[in-house]
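Undergrad: Structure below; questions to follow.
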Amino acid sequence: MSVYKKDDPRHLRLSIESILNQSYANFRLLVGVDGSVGEELESELKVYEANDNVASFWFKENRGLTAVLNNLIEEGKKLNPLYIARMDADDISKSDRFEKQINYLEKHPDVDVLGGAIEEMEYDGRLNGKVIHYPLTHQQCFDFFSTRNPLAHPAVMFRASFFDKVSSYNALYKKNQDTELWFRAFKVGCRFANLEDIVLSFRVSKDMYRRRGGTKFALEVLRLRKEINKNLGYGVKAQLFAYAYYAMAVSPGWVKRFAYKTFR
């Protein structure tokens, strides 16, 4: 879990508690603090440092999610884990998330990374009734990736060996690090899957549509999507979608909001 200055201390507390209250208890929560976070967030984090299941890493400089995740992967490897899970500082994991994901991975040793369905909640925590289901099998995930990410990034659990095959997140990608990671994982033959069950409540942040917009962001997505299409052999439909996504990313916020609610 990465934490930075714009995270809400109340949301952080709910996120951490959702991990500490998992029905599967044999885990360590690694929290990477991305630069200065202010007194309120710092006080909240300090409360959990006394918990044996929590380890915090305080980084002086704000470097972004990608850098912090890579640092946490390296720290996690020192513990020789079987699995590595992702979590965001404003989402809430279901209490049986780890148990269900580990049970699945134990029964399917060929799967390298596993996600699950997510339910959306508004910024204030109210569920908005939207549940997003992702493709269940590897082939379905591969086909789905021609236009969209086949996994909800904050809801995934990796087999630790995944990062032996794919190394780490690409430091060149600040906002599309998950898409780029899935691309390289497919290229080297990693196997994907999702649970049908809801494993996480995903908070729709106030600035989500702003963060998913702008010319710089749109160009990065377009370049990456074109590379994906070329290397993974996706066809004309995928190429058209890449340009459509670019157009949406440079559109006004109300257009992105409509498209997200209509097509996701």
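Read the figures in this text as sums done on the coordinates, not as results from a lab. What you see is a predicted model; the values in this text were computed from it and never measured. Backbone-built Cβ (ideal geometry, glycine too); neighbour counts: all protein chains shown.
Undergrad: Enumerate the calculated ³J(HN,Hα) couplings along the range 116-132 in order (Karplus 6.51 cos²θ - 1.76 cosθ + 1.60, θ = phi - 60°), each rounded to whole Hz, writing x wherever the residue is Gly or Pro.
TA: In residue order, the calculated couplings are x, 6, 10, 10, 8, 10, 6, 4, 7, x, 6, 5, 9, x, 9, 10, 10 Hz.
Undergrad: Out of residues 5 or more away from residue 83 or on other chains, whose amide H comes under 5 Å of its own, with H placed 1.01 Å from N in the peptide plane?
TA: 160
Undergrad: Also: Under 1.5 on a/c is rounded, so check that first for the range 77-146, then, if it is not, pick prolate when a/b is larger than b/c and oblate when it is not; a ≥ b ≥ c are the square roots of the alpha carbon gyration tensor eigenvalues.
TA: Numbers: a/c = 2.14, a/b = 1.27, b/c = 1.68.
The shape class here is oblate.
Undergrad: So if each residue of separation counts as 0.36 nm, and I subtract the Cα-Cα distance between residue 140 and residue 95, what length gain in nm does that give?
TA: Working: separation 45, 0.36 × 45 = 16.20 nm, distance 2.71 nm.
Here the segment from residue 140 to residue 95 would lengthen by 13.5 nm.
Undergrad: In whole Hz, with x marking every Gly and Pro, tabulate ³J(HN,Hα) for the range 78-94 from phi via Karplus 6.51 cos²θ - 1.76 cosθ + 1.60, θ = phi - 60°.
TA: 5, 8, 6, x, 7, 9, 10, 10, 9, 7, 9, 7, 10, 9, 10, 7, 5
Undergrad: Still on this structure, I have one more. Tell me the relative contact order for the chain as a rounded percent, counting alpha carbon contacts under 8 Å between residues six or more apart.
TA: Working: 418 pairs, mean separation 51.7, N = 264.
Value for the chain: 20 percent.
Undergrad: Then there is this: When each pair of different Cα atoms in the range 2-206 is counted once in the 1/r mean, what is the Kirkwood radius in angstroms, to one decimal?
TA: On the way: mean 1/r = 0.0577 Å⁻¹.
Result for the range 2-206, one decimal place: 17.3 Å.
Undergrad: Give the long-range amide H neighbours of residue 195: residues separated by 5 or more places, or on another chain, with amide H under 5 Å away, using H modelled in the peptide plane at 1.01 Å from N.
TA: Sorted by chain and number, the residues that satisfy this are 115, 116, 117.
Undergrad: Continuing with this model, one more query. Distance in nm between label sites at residue 26 and residue 164, each 7 Å beyond Cα in the beta-carbon direction?
TA: 1.9
Undergrad: Considering only DSSP beta bridges with both partners in the range 2-206, what is the antiparallel share in %, to the nearest 5?
TA: Working: 10 of 28 bridges.
Around 35 percent antiparallel, to the nearest 5.
Undergrad: For residue 130, which sequence-distant residues (separation of 5 or more, or a different chain) have an amide H within less than 5 Å of its own amide H, given hydrogens modelled in the peptide plane?
TA: 120
Undergrad: At a Förster radius of 35 Å, what calculated FRET efficiency corresponds to the Cβ-Cβ distance of residue 131 and residue 52, to the nearest 0.05? Can you show the working numbers first?
TA: Working: r = 35 Å, r/R0 = 0.99.
Once rounded, the FRET efficiency stands at 0.50.
Undergrad: Per residue of the range 29-34, what does 6.51 cos²θ - 1.76 cosθ + 1.60 with θ = phi - 60° give for ³J(HN,Hα)? Whole Hz please, x for Gly and Pro, Karplus curve as stated.
TA: 8, 9, 10, x, 9, 8
Undergrad: What's the ranking of 170-181, 148-159, 19-30 by average number of surrounding C-beta atoms within 10 Å, highest first? It would help to have the intermediate numbers written out before the result.
TA: Details: 170-181: 17.6, 148-159: 21.5, 19-30: 14.8.
In decreasing order of mean packing, 170-181, 148-159, 19-30 become 148-159, 170-181, 19-30.
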